[in-house]
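The values are calculated or read from the model by the stated rules, or taken from the named source; none is laboratory data. A quick note: this is a predicted structure, and the numbers were derived from the prediction, not measured. Every residue, glycine among them, receives a Cβ derived from its backbone with ideal geometry; neighbour counts consider all protein chains shown. Side chains included, ligands, DNA and RNA excluded: accessible areas come from the protein's heavy atoms. Shrake-Rupley method; radii C 1.70, N 1.55, O 1.52, S 1.80 Å.
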Amino acid sequence: MVTPQSATTRPRPSRRTFLKWSAATGGAAALVSTAADLGMPGRATQAAAADGMPGVDATVWNACLANCQSRCPLRLQVKDGTVVRVLPDSTGSDEFGDFNIRACVRGRNQRERIYSPDRIKTPVRRTGPRGSGQWEAISWEEALDTIASQMRRVKETYGNEALWYHYGSGSTGGNITKRGTWPRLLNTYGGYLGQYGDYSTAQITAAFPYQYGGWMASNSLEDAQNSRLQVMFGNNPLETRMSGGGELAVVQKVRAEFGVRTIVIDPRYSETALAVADEWVPVRPGTDAALVAGMIHVMLAEDLHDQAFLDRYCVGFDEDTLPEGAPENSSYRSYIEGKGPDGVEKTPEWAAGITGVPAARIRQLARDIATAKPCAITQGWGSQRHANGENVARAVFTLAAATGNIGIPGGGNGAREGNYSIPVTSFPLFDGEAPPVSTQISCFNWIDAIDHGPEMTAVKDGVRGKDRLDVGIKLMIVNSSNTLINQHNDVHVTQETLRDDTKCEFIVVIDHQWTPSCDWGDIVLPATTNFEENDLIPGASCSDMGWSIIGDKAIEPLYESKTGYEMCTELARRLGIEEEFTQGRTQEEWRTWLFEQTRETVPDFPTEDELREMGVFRKKNPDGHVIGMKAFREDPEANPLATPSGKIEIFSQQLYEMSQEWVFEGDRAGDRLTALPEHLDTWEGALEARTSTFPLQCIAHHYKGRTHSSYANLPRNLEAHPQMLWINPQDAEARGVANGDTILVFNDRGTVRTQARVTPRIAPGVVSLPQGAWYTPDKDGVDVGGNVNTLMKYHPSPLAKGNPGHTALVDVRKA
Ligand SMILES: Nc1nc2c(c(=O)[nH]1)N[C@H]1C(S)=C(S)[C@@H](COP(=O)(O)OP(=O)(O)OC[C@H]3O[C@@H](n4cnc5c(=O)[nH]c(N)nc54)[C@H](O)[C@@H]3O)O[C@H]1N2
Ligand SMILES: Nc1nc2c(c(=O)[nH]1)N[C@H]1C(S)=C(S)[C@@H](COP(=O)(O)OP(=O)(O)OC[C@H]3O[C@@H](n4cnc5c(=O)[nH]c(N)nc54)[C@H](O)[C@@H]3O)O[C@H]1N2
Ligand SMILES: [Mo]
C-alpha cells in the first residue's frame, strides 16, 4: 500500500525510464514491479540457463492471445512458480494443413511481458484531476465497492445506455479471457450502449452489405496455387499474419512451390512485396479506387472485361442493369466513360495524376489482370482504413467482378482471404436471443457520445436502433484496450474530452501493463495475464487449417492481480446478480462446459485431458480450399446474395438514397456517400497534399515489433524493432535528413520525435510511422514515444463512422 504523498506521479515507467522514474517518485515504485521483486532471473542467469537446460517443474501449454491474427501455442516452462523459458509449438510439420505454429519474436518474449516493470500491482484510484497522474493504491474491497456503486448510480440516473464497454483487442485470442466477462456482467445488469464495426475493418465492414449483402471472405491464400496471377491491395500477410501458423507461411510456400506471379499494390514496399512479389505498384494512399477505375477504363476500351459475368451477376455496372428509379447515366460504365455527373472520363492518364502510377503501367496492369485467368484479387485492411475507405473497398470488389474472378477456384472476390476455423463454443456474452440493449454507435465515435451524446443522430452520426441517442456515455469500462488514448486518432482531442469529468463521469481501466490509457482512468485494476488463468483457446485459422489450444494456468496471479472472471463475479455479487452472472460455475467449470458444448458440434474435438496431452488440435478444411461466394457463382438464383436485388450491387440504390438523406456538418461537411464505388478526394488526401503546408501523406502500417501497442514497452522488442519513420530519399534529402537522424514529424495537431528510416521502400510524398508506439509527451508536449495518433485526425469516415488511421498530412524536419 502506498500513501497519497508518495504516489504523486503517474505509475507508468517503461523500462527505459524506470530507474529515473522510481528515483523521482520514491514510494510510488511500489505500484509496479521489478524483476528482482519476482525472483525473475537476470540476463546473465538467463544466458547460463539457456546453455544448460535446467530441470523444470512443469511445462504448460498456453498461447499468445494478442490480436495479430495468428494464434501461437506456447509451452511455458515453470520452475519454483516462475516462468523460466518459453518454447514454441513443435507438434506440426511444414505441410499445408499441419503447419508447425512457431511463435514470432513477440510471442516468445512473454517472460519480459509477464515480469515487466510496467505491470500494475494493485488497484489504484486517482487523487487529482483526471489525467494529472496523481494516484493512490486502494484495496480490492474499496475498488469494487466504488465501481459497483458508480454502476448503480449511472444506471439509476441515466439508464443503461449511459454505460459503455470500450473497444479493445488485447486478448482477442482468448475465450473466457477474451474480455467476454465484462460484457456478460453488463448485459446481466440490463445492458449497455452497443457498438458496431471495429478499428481494423470498419470501412470494409460497412461497405460489404451494400455490394455483397454481408461480410464475405475471398478464397484462401492456399487456393492461390490455382491462380495464374495474385494481386494484393494493401495486404501484408508477411508482417500482419506472422508465425509458422500465419498466412506468412502459406504465402511463402505457395510462392516457393507453385511460383504464382504476384503483384503487391501498396505505397510501401512491404515485407510481403519484398518476399513474394514480382511487381510492386506504389500507389498514393487513399487512391486505389482511382487506380481501379483507370484499369477498368482500359479493359472496356480493349474489350478485356467479363461482360457475361457482369450481366448475369451484377447490378449497375451497365445502364441496363441499373435498379428502377436510378437516375440516367449513373452506372459504373457511365462513370468510367465520363457520362456521369462529373463528366470526367477515367482514363489511365486521369488515374495516373491521382495515384502516382504512370499511365503506361496502369494499361499494362489492366491487361495483365484481365487476361490472367483465374486471378486472385484480394485486399488487406490497409487500403480501407482511410477517410474514403468504404469506396476503396467496394472498388476492389468491382475489379474482381469486372474480370469475372468471383466464386471460382484460383479467383478472388476482392475481399481479404478466407480461412477455415474450428467452431469452438464461445463464452456467452448474454443469455437469451439478443443483448438487452439494441442501440448502437460506431466503435470509433464514442468520443462524440461522451462530448455531446444526445445530439447524435442516425443520419448524422450513424446511430443504429434509434433516431437519436437519449444520453451520452457516462461510465466506461476499458478492458484489454489501449484505444482510450494510444490507439485512437488524435490523442489531444481525446484528452481534452476526457479531462472534463462532468462529461464521462467514471472510467475504469483494466490491464496488466500501465499503458498511456491507464493515465486517464479513475480507477485502474490489475489484471492477470492469460498465463495466470485457465481457458479453452478457440485458436485461429490459417488458410485451410484451423486449430485450438488449451490455455492452462502456468503461474499464480502476480501481485494482487485478478482474472476478469473473478472481478466480474465480485461485482455481480455487489449488484445482486451473482447467480445469473455465474450460473453457479467457476471459471474452471465454464471451461469444462465450453469443452462439452464444442464436442457436441465438433465430435472429433478432444476432451480437456486429451487437448492438454496434444497441446494443439489441428483440423483441415473438410471442403478443400475456401472459395469465396462459390454457391452464388454456381447458381445465383438458388443462392442469391442478401442485397435487395440478390445480386452484386455495383450501383447501390440504398446508398443512393442515403446519399441524399445523410447529413455532414461542421468539419465533416465535405464528406459524402456515393451509390457507386467512385474515387473520392478527401480531407488530407493525395490531392490536398499538393497544396498543403504539410505535404507528406502519413500512413501507419502495422509493425513486426509489436501487436498494436502490445509488446511495445518491452526492451527486447524495442531493440529488435525500434520506432522510426519511413521516408523516401527524395523527401529526406529535400529536408536535409539522413538515415538514422532524429527528426520531428508534425502537423497542426501535434509533434512526434523519432528517427528517420530513409528508404526507397516507400513512395515519394508518403511517410509511414508504424502505429502502436506508446504516447509519451515530454514537458513541451512533443511525443517522444513516436505514437502516430499524436498526428492523426479524429474524423469518422462517412458511412462506417470508422477510424481513418492511415489518413493524415504531416511534414518532417531534423530535430
Ligand atoms: N505484427 C503485427 N501484426 C498485426 C498487427 C500488428 O499491430 N502487428 N495488427 C493486427 C490487426 S488488429 C490488424 S487489423 C491487422 C491489419 O492488417 P493489415 O490491414 O494487413 O495491416 P496494415 O499495416 O494496416 O495495412 C496493410 C498494408 O496496407 C498499406 N496501405 C496503407 N494505405 C494504403 C492505401 O491507401 N492503399 C494501399 N494499396 N495500401 C495501403 C500499408 O502500407 C500496409 O503495408 O494486422 C494484425 N496483425
Ligand atoms: N492511426 C492508427 N491507429 C490505429 C490503427 C492504425 O492502423 N492506425 N490500427 C487500429 C487497429 S486495427 C486496432 S485493432 C487497434 C488496436 O488497439 P487495442 O485494441 O487497444 O490494442 P493494443 O494496443 O494491443 O492494446 C491492448 C491492451 O490489452 C492489454 N491486455 C492484454 N491481455 C490482457 C488481459 O488478459 N486482460 C486485460 N485486462 N488486458 C489485457 C494489453 O496489455 C494492451 O495494453 O488500434 C487501432 N489504432
Ligand atoms: Mo485491428
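Summary of values
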item	result
Paramagnetic reach from residue 620 (point 7 Å along Cα→Cβ, amide N under 18 Å) across segment 541-573	541-548
Exposure rule at most 16 other beta-carbon atoms within 10 Å, DSSP loop GluC sites (Glu not before Pro): the chain longest free segment	96-301
DSSP beta bridges in segment 686-814 [antiparallel fraction, %, rounded to 5]	65 percent
Most positive-pole-ward Cα, 595, 498, 340, against dipole of the chain from beta carbon charges	498
Mean accessible surface per residue for the chain, computed with a 1.4 Å probe while every protein chain stays in place, in Å²	34 Å²
Spin-label pair residue 672/residue 307, simplified geometry with 7 Å Cα→Cβ offset, distance in nm	3.1 nm
Amide proton proximity set for residue 195, modelled H, under 5 Å, gap of 5+	441
Whole-Hz ³J(HN,Hα) from phi, Karplus 6.51 cos²θ - 1.76 cosθ + 1.60, for segment 496-510, glycine and proline x	4, 6, 6, 4, 7, 7, 8, 7, 8, 7, 8, 10, 10, 10, 10
Estimated [θ] at 222 nm from DSSP helical runs (n ≥ 4, -39500 (n - 2.57)) normalised by residues in the chain, nearest 500	-8000 deg cm²/dmol
Given charges at beta-carbon only (K, R positive; D, E negative), |dipole| of segment 686-814 in Debye	260 debye
Segment 747-761 - phi-based ³J(HN,Hα) in whole Hz, Karplus 6.51/-1.76/1.60, Gly and Pro as x	8, 7, 9, x, 9, 10, 9, 7, 10, 8, 10, 7, 7, x, 6
Relative packing of peptides 639-647, 183-191 - highest average C-beta neighbours within 10 Å first	183-191, 639-647
Distant-in-sequence amide H partners of residue 787 (H built 1.01 Å from N, under 5 Å)	776
Shape category assigned to segment 196-254 from the gyration tensor of Cα positions, a/c cut at 1.5	oblate
Whole-angstrom gap from segment 437-480 to segment 713-743, using each part's C-alpha centre	38 Å
C-alpha center-to-center spacing [segment 235-285, segment 746-815] in angstrom	25 Å
Segment 511-628 - share of DSSP beta bridges that are antiparallel (%, nearest 5)	85 percent
Packing-based ranking, highest mean first, of 805-813, 507-515 given that Cβ atoms within 10 Å are counted	507-515, 805-813
Estimated distance in nm for a label pair at residue 635 and residue 583, the labels positioned 7 Å out from Cα along Cα-to-Cβ	3.8 nm
Unit Cα scatterers, Debye sum, the chain: log10 I(q)/I(0) for q = 0.05, 0.07 Å⁻¹	-0.25, -0.51
Per-residue ³J(HN,Hα) for segment 347-352, Karplus 6.51 cos²θ - 1.76 cosθ + 1.60, θ = phi - 60°, Hz, x for Gly and Pro	5, x, 5, 4, 5, 4
Accessible area of segment 686-814 belonging to carbon and sulfur atoms, whole % at 1.4 Å probe	50 percent
Inter-centroid distance (Cα atoms) of segment 175-199 relative to segment 635-656, Å	32 Å
Full-extension gain in nm, residue 320 to residue 140, via 0.36 nm per residue minus C-alpha separation	58.0 nm
For residue 707, residues with placed amide H under 5 Å, excluding near neighbours	712
